[in-house]
Amino acid sequence: MSTNEFFEEPTGVYDKEKDFTSLYCWQDARRMKLFFYKSIVTKLPVTEKNNLINQIKRAAVSATANIAEGYGRFHYQEGIQFYRIARGSIYELKDHLITCFDLDYIDSVQLNDGIDLIESTKIKLNGYINYAKKLKQNQKK
């Protein structure tokens, strides 16, 4: 066995062109994350740095990171658990977005844009969770 074999992905089923970045739910979560970083966090006052800003950043990164980590898990059930954690982070972002609106940090246009991104991401992630559940069931047969 050569040294390179330890560092390469296994051959066969693995497709280097298709990984978690090819998932529509991850792509939407990425767009959502960038929206929060570029359009929401920049509107918040410095006084929110240790509270709302940090919470938003953590939840936004958690959404994409947990989808990626779930994709990398060997068993479907493990992956599903990470996808559910990502879904929780998406709901958390929705609450933070509403809080930003309630505190007059953002306007209704930004609120609605954020809600649209969140809902789109949530729908795709729920669909992917259902798909993973079906794969898990089919594996048992």
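Evaluate the following for residue 12: is it modelled with pLDDT under 95 and in contact with a helix residue (DSSP H, G or I) (Cβ under 8 Å, 6 or more places away or on another chain)?
Details: modelled with pLDDT under 95: yes; in contact with a helix residue (DSSP H, G or I) (Cβ under 8 Å, 6 or more places away or on another chain): no.
Against the criterion (modelled with pLDDT under 95 and in contact with a helix residue (DSSP H, G or I) (Cβ under 8 Å, 6 or more places away or on another chain)), residue 12 does not qualify.
Do we have any residue at all in the stretch 103-118 that's at positive phi and either among the acidic types (Asp, Glu) or surrounded by 14 or more Cβ atoms within 10 Å (Cβ to Cβ) (or both)?
Within the stretch 103-118, the first condition is being at positive phi, and the residues that meet it are 104.
If we keep only those that are either among the acidic types (Asp, Glu) or surrounded by 14 or more Cβ atoms within 10 Å (Cβ to Cβ) (or both) too, we end up with 104.
Yes, because at least one residue in the stretch 103-118 is at positive phi and either among the acidic types (Asp, Glu) or surrounded by 14 or more Cβ atoms within 10 Å (Cβ to Cβ) (or both).
Does residue 135 satisfy the criteria of being crowded, with 17+ Cβ neighbours inside 10 Å, assigned to a helix (DSSP H, G or I) and either among the aromatic types (Phe, Trp, Tyr) or touching a Phe, Trp or Tyr at 6+ places or on another chain (Cβ under 9 Å) (or both)? I'd like the intermediate steps shown before the answer.
Details: crowded, with 17+ Cβ neighbours inside 10 Å: no; assigned to a helix (DSSP H, G or I): yes; either among the aromatic types (Phe, Trp, Tyr) or touching a Phe, Trp or Tyr at 6+ places or on another chain (Cβ under 9 Å) (or both): yes.
Answer is no for this residue.
If I filter the stretch 88-100 for residues that are on the phi < 0 side of the Ramachandran plot, more than 16 Å from the chain's Cα centre (by Cα) and free of Cβ contacts under 8 Å to residues at least 40 places away in the same chain, do I get at least one hit?
Yes; the residues of the stretch 88-100 include at least one that is on the phi < 0 side of the Ramachandran plot, more than 16 Å from the chain's Cα centre (by Cα) and free of Cβ contacts under 8 Å to residues at least 40 places away in the same chain.
Of the residues 84, 73, which is modelled with pLDDT of 95 or more and either among the aliphatic types (A, V, I, L, M) or on the phi < 0 side of the Ramachandran plot (or both)? I'd like the intermediate steps shown before the answer.
Numbers: 73 fails: modelled with pLDDT of 95 or more.
Exactly one of 84, 73 is modelled with pLDDT of 95 or more and either among the aliphatic types (A, V, I, L, M) or on the phi < 0 side of the Ramachandran plot (or both), namely 84.
Looking at the stretch 25-52, which of its residues are within 22 Å of residue 116 (Cβ to Cβ) and free of Cβ contacts under 8 Å to residues at least 60 places away in the same chain?
Scanning the stretch 25-52 gives 26, 27, 30, 33, 34, 37, 38, 41, 42, 52.
So, residue 97, is that one buried (at least 17 other Cβ atoms within 10 Å of the Cβ), closer than 17 Å to residue 28 by Cβ and touching a Leu at 6+ places or on another chain (Cβ under 7 Å) or not?
On the way: buried (at least 17 other Cβ atoms within 10 Å of the Cβ): yes; closer than 17 Å to residue 28 by Cβ: yes; touching a Leu at 6+ places or on another chain (Cβ under 7 Å): yes.
Here the answer is yes, as residue 97 does meet what is asked.
The values are calculated or read from the model by the stated rules, or taken from the named source; none is laboratory data. Quick caveat: nothing in here was measured; it's all calculated off a predicted structure. So basically every Cβ, Gly included, is an ideal-geometry build from the backbone, and we count neighbours across all protein chains shown.
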